Amino acid sequence: MSAKKKTSLVWNYFEEVSETAAKCLVCSRIVKRPKGNTSNLTAHVHRDHDKESSELQQKESRRRLETQFNEEVSESVARRLYILK
């Protein structure tokens with residue numbers, strides 16, 4: 001399997017079975033990943049699993065907000081440090 005760290009939240013719903021396929025933990029379907037990305041996995045969740053789709057959207061929104069917040073805080077701290085020099 002891939003040694004690369006899986007950062008996509010969609011991996012909470014899948015288990016990698018090969019470099020080009022993953023097994024859905026909700027319905028056990030094997031979903032192909034011909035290019036090795038998570039597009040087909042995400043599409044499967046949104047198309048076939050309403051509850052999990054909603055959960056995934058909420059988690060992705062929360063992650064985006066946290067990332068944006070952290071970037072803004074880092075920028076603010078950097079500005080303050082620059083002013084103090």
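The values are calculated or read from the model by the stated rules, or taken from the named source; none is laboratory data. From a predicted model like this one, the values you see are computed outputs, not experimental measurements. In this analysis, Cβ positions are derived from the backbone assuming ideal geometry, glycine residues included, and neighbour counts consider all displayed protein chains.
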Filtering the range 28-85 down to residues that are of a type in the set (Ser, Thr, Tyr), exposed (fewer than 10 other Cβ atoms within 10 Å of the Cβ) and closer than 18 Å to residue 15 by Cα yields 28
Give me a count of the residues in the range 51-66 that are within 11 Å of the chain's Cα centre (by Cα) and touching a residue at least 12 places away in the same chain (Cβ under 8 Å). 4
Residues of the range 1-11 that turn out to be without any contact (Cβ under 8 Å) to a residue 40 or more places away in the chain and under 21 Å from residue 67 (Cβ atoms), as a count: 6
Within the range 13-20, does at least one residue satisfy the condition of being without any contact (Cβ under 8 Å) to a residue 40 or more places away in the chain, surrounded by 15 or more Cβ atoms within 10 Å (Cβ to Cβ) and in contact with a Phe, Trp or Tyr (Cβ under 9 Å, 6 or more places away or on another chain)? no
Restricting the search to the range 21-40, which residues are out of contact with any strand residue (DSSP E or B) (no Cβ under 6 Å at 6 or more places or on another chain), free of Cβ contacts under 8 Å to residues at least 12 places away in the same chain and over 17 Å from residue 51 (Cα atoms)? 35, 37, 39
Looking only at residues in the range 31-85 that are closer than 20 Å to residue 16 by Cα and among the basic types (Lys, Arg), which one is modelled with the lowest pLDDT? 35
